[in-house]
Amino acid sequence: MKSKFAPILNFLSANSFSIWLAFVVGLIITSSVNTSKEYNRALQNKDVEIAELRSKINNHLIAEGFYEKPAKEVLPVMKGFGIGL
């Protein structure tokens with residue numbers, strides 16, 4: 001009496017290297033996609049941080065009235081923030 005699983009086992013044994021290779025390639029692709037997603041997430045977090053810092057600097061400049069002052073007074077303060085013109 002033949003087993004129901006005999007054709008499946010024959011296929012697996014005949015193609016074990018190909019199956020293993022496909023599994024490894026799948027793992028490599030999955031890890032590279034996850035790494036790319038993590039990198040993009042980190043870039044988005046940095047963009048949010050930069051936007052918040054720019055907003056704080058802009059609010060400070062508005063509060064101090066720097067937009068109404070002459071450039072000679074404003075440029076040293078902007079250089080203090082690390083903004084070079």
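Bear in mind these aren't lab numbers, they're just calculated from the coordinates by the rules spelled out. Predicted, not measured: the structure shown is a model, and the values here were computed from it. Glycine gets a Cβ as well: all are built from the backbone with ideal geometry, and neighbour counts include every protein chain shown.
What the table shows:
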| read-out | value |
| --- | --- |
| Semi-axis lengths (Å, descending) of the ellipsoid that matches the C-alpha gyration tensor of the chain | 67, 12, 5 |
| Anchor Lys72: aspartates and glutamates whose Cα lies under 20 Å away (excluding residues fewer than 8 positions away in-chain) | Glu64 |
| Anchor Lys69: lysines whose Cα lies under 27 Å away (excluding residues fewer than 8 positions away in-chain) | Lys56, Lys79 |
| Spin-label pair Val33/Ile62, simplified geometry with 7 Å Cα→Cβ offset, distance in nm | 4.3 nm |
| Extension reserve of the Gln44-Asn15 stretch, reckoned as 0.36 nm per residue once the Cα distance is removed | 6.1 nm |
| Calculated FRET efficiency for the pair Phe23/Glu52, C-beta based, R₀ 41 Å, to 0.05 | 0.40 |
| Sum of -39500 (n - 2.57) over DSSP H runs of 4+, divided by residues of the chain (222 nm, nearest 500) | -28000 deg cm²/dmol |
